[in-house]
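Worksheet: one structure, shown below.
The values are calculated or read from the model by the stated rules, or taken from the named source; none is laboratory data. Nothing here was measured: the structure is a model prediction, and the numbers come from that model. For neighbour counting, all protein chains shown are included, and Cβ atoms are generated from backbone atoms with ideal geometry for every residue, glycine included.
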Ligand code: ME8
């Protein structure tokens with residue numbers, strides 16, 4: 001049997017501005033899942049990229065006195081640099097202005113036009129330029145402002161091509177009925193299903209009012225609507241339509257990750273387009289929550305946009321990755337505060353994890369000449385810790401499989417804290433002083449095995465930390481290159497040398513921090 005496949009995507013982000021923690025969050029979450037799946041033996045395709053067409057970009061370019069192409073070429077660099085800095089392991093970075101993508105967009109448009117799923121009509125409605133969305137009269141309140149961003153709308157009439165979405169109302173409902181896990185969390189699933197039940201209208205998918213987009217094949221005064229264009233990126237990356245083998249292997253496994261702001265596009269428009277193409281709707285759409293900063297919506301005018309580059313320069317990549325996924329259940333909204341980040345570094349990382357490693361290394365060096373000791377008969381307390389470690393693998397993987405990152409980390413930290421308590425209970429320093437070598441060997445071996453497992457399971461979240469833990473324990477391999485399912489308690493060879501001891505996470509002095 002071939003290797004199991006897994007395809008995961010982030011949205012293609014707009015390049016009208018620099019990336020902030022919202023973008024970093026989605027991409028880090030997708031990266032953690034990609035790394036985790038690789039560590040379970042999957043062949044992973046992981047795509048991220050940039051959405052470079054549309055009115056938003058055209059206007060941002062104008063405001064800066066640049067051509068749209070000049071603007072996108074400048075801004076895309078920030079995204080690429082950020083993913084490199086954050087250790088993102090995407091296998092493809094797609095820009096919607098690339099030729100390979102434009103070709104697929106035009107191919108799909110022509111195919112759907114030919115089969116009657118796209119037709120020409122006229123569109124009249126209220127249009128929000130920043131959101132690039134039309135609204136019907138019934139969607140508007142008294143104020144006639146955009147229901148999403150509350151900015152003024154423009155009345156527009158244009159000749160337009162339409163995607164026959166209404167035709168897919170019933171097939172979509174059938175699909176979601178048969179696949180209740182296709183949208184997570186459940187609240188979003190319910191929201192989408194009830195929206196579809198409210199009735200689907202055909203979607204306008206071309207514009208004559210702007211020029212920055214994919215020209216419509218055969219009617220070039222139109223450009224293709226930016227969302228119709230952007231969603232297709234997921235198929236472009238998958239090699240559609242030419243690479244049938246790649247499509248067959250990866251498409252049925254696709255997981256789209258994003259925030260709740262864009263799930264209607266991903267759970268209604270996109271699956272309808274796929275059904276029209278004779279392809280399966282996405283296996284899963286996971287909609288995570290929305291980050292605010294110190295209780296407020298992030299915005300340039302408020303000057304509270306959190307720069308991920310600055311955060312990782314100050315606190316390190318791994319703590320930043322850890323914090324984002326530990327602090328808030330994936331799927332719920334979160335509030336970012338630097339104080340909470342520092343708090344977690346001190347408590348979870350320096351205190352719990354750092355101490356466990358530090359104390360263990362100190363005692364192995366002091367009492368066992370820097371070698372992994374030999375375990376003797378396991379007593380109840382040792383068996384209990386071993387049992388918890390083995391259970392942790394199960395709990396961790398079952399949470400990871402459904403994107404419950406915070407729960408997976410909580411389970412891991414239960415083991416870390418149990419490890420620290422185990423040291424207090426067994427008092428290895430006393431065993432050392434009293435030359436209880438056999439018992440001491442068992443205790444230190446147990447601690448080493450706990451840490452070997454912690455290094456492995458922490459690796460998708462904190463790749464560098466996983467490596468550093470293993471290297472201190474004297475293991476040359478990178479945990480990220482190992483398979484979680486291969487872990488067996490007791491496989492560490494006694495007598496092997498540990499590595500160099502070092503502080504994993506220095507504590508941040510809160511008093512000093514307050515002053516800065
Ligand atoms: O919507 N909290 O691009 P975009 C959490 N180009 N996540 C956030 C966030 C926040 N405060 N802000 C942004 C687009 N995000 C389209 C997508 S896909 C075919 C086209 C993340 O740059 C989150 O993933 O506005 C959200 O869905 C996405 O960025 C929106 O990115």
Worksheet entry | Total residues in segment 40-52, condition surrounded by 24 or more Cβ atoms within 10 Å (Cβ to Cβ) and outside any strand (DSSP E or B) | 1
Worksheet item: Mind checking whether some residue in segment 321-333 is within 14 Å of the ligand (Cβ to nearest atom), on the phi > 0 side of the Ramachandran plot and modelled with pLDDT under 95?
Response: no
Response to the item:
In segment 161-174, anything buried (at least 17 other Cβ atoms within 10 Å of the Cβ) and either assigned to a helix (DSSP H, G or I) or in contact with a helix residue (DSSP H, G or I) (Cβ under 6 Å, 6 or more places away or on another chain) (or both) is listed as 165, 168, 169, 172
Discussion item. Can you confirm whether residue 65 is modelled with pLDDT of 95 or more and over 13 Å from the mean Cα position of the chain (by Cα)?
Written reply: yes
Item to complete: Residue by residue through segment 378-398, note down the ones that are buried (at least 16 other Cβ atoms within 10 Å of the Cβ) and part of a loop (DSSP other than H, G, I, E, B).
Response: none
Worksheet entry | Failed item, numbered, when residue 17 is tested on (1) within 13 Å of the ligand (Cβ to nearest atom); (2) surrounded by 17 or more Cβ atoms within 10 Å (Cβ to Cβ) | (2)
Worksheet entry | Options 320, 330, 336: the member that is in contact with a strand residue (DSSP E or B) (Cβ under 7 Å, 6 or more places away or on another chain), surrounded by 18 or more Cβ atoms within 10 Å (Cβ to Cβ) and within 14 Å of residue 23 (Cβ to Cβ) | 336
Worksheet, complete the sentence: The correct count of residues that are out of contact with any helix residue (DSSP H, G or I) (no Cβ under 7 Å at 6 or more places or on another chain), touching a residue at least 40 places away in the same chain (Cβ under 8 Å) and over 13 Å from residue 363 (Cα atoms) in segment 419-447 is 1
Worksheet item: Yes or no: residue 12 farther than 30 Å from residue 296 by Cβ and touching a helix residue (DSSP H, G or I) at 6+ places or on another chain (Cβ under 7 Å)?
Response: no
Fill in: Subset of segment 399-412 (residues that are part of a helix (DSSP H, G or I) and either without any contact (Cβ under 8 Å) to a residue 12 or more places away in the chain or surrounded by fewer than 20 Cβ atoms within 10 Å (Cβ to Cβ) (or both))
399, 406, 407, 410
Item to complete: Answer yes if at least one residue in segment 28-41 is within 16 Å of the ligand (Cβ to nearest atom) and over 30 Å from residue 394 (Cβ atoms), and no otherwise.
Response: no
Practice prompt. Report yes if some residue within segment 290-299 is more than 27 Å from residue 88 (Cβ to Cβ) and in contact (Cβ under 8 Å) with a residue 40 or more places away in the chain; otherwise report no.
Written response: yes
Practice prompt. Could you give me the residue pairs with C-beta distances under 8 Å whose first residue belongs to segment 239-265 and is touching a residue at least 40 places away in the same chain (Cβ under 8 Å) and within 15 Å of residue 33 (Cβ to Cβ), whose second residue is more than 13 Å from the ligand (Cβ to nearest atom) and assigned to a helix (DSSP H, G or I) wherever it lies, and which are 6+ apart or on separate chains?
Written response: 255/33; 257/33
Worksheet entry | Search result, residues across segment 2-29 that are under 16 Å from residue 49 (Cβ atoms), touching a strand residue (DSSP E or B) at 6+ places or on another chain (Cβ under 9 Å) and outside any helix (DSSP H, G or I) | 7, 8, 9, 10, 11, 12, 13, 14, 15, 19
Fill in: Residues of segment 480-516 satisfying the condition of being surrounded by 12 or more Cβ atoms within 10 Å (Cβ to Cβ) and without any contact (Cβ under 8 Å) to a residue 60 or more places away in the chain
499
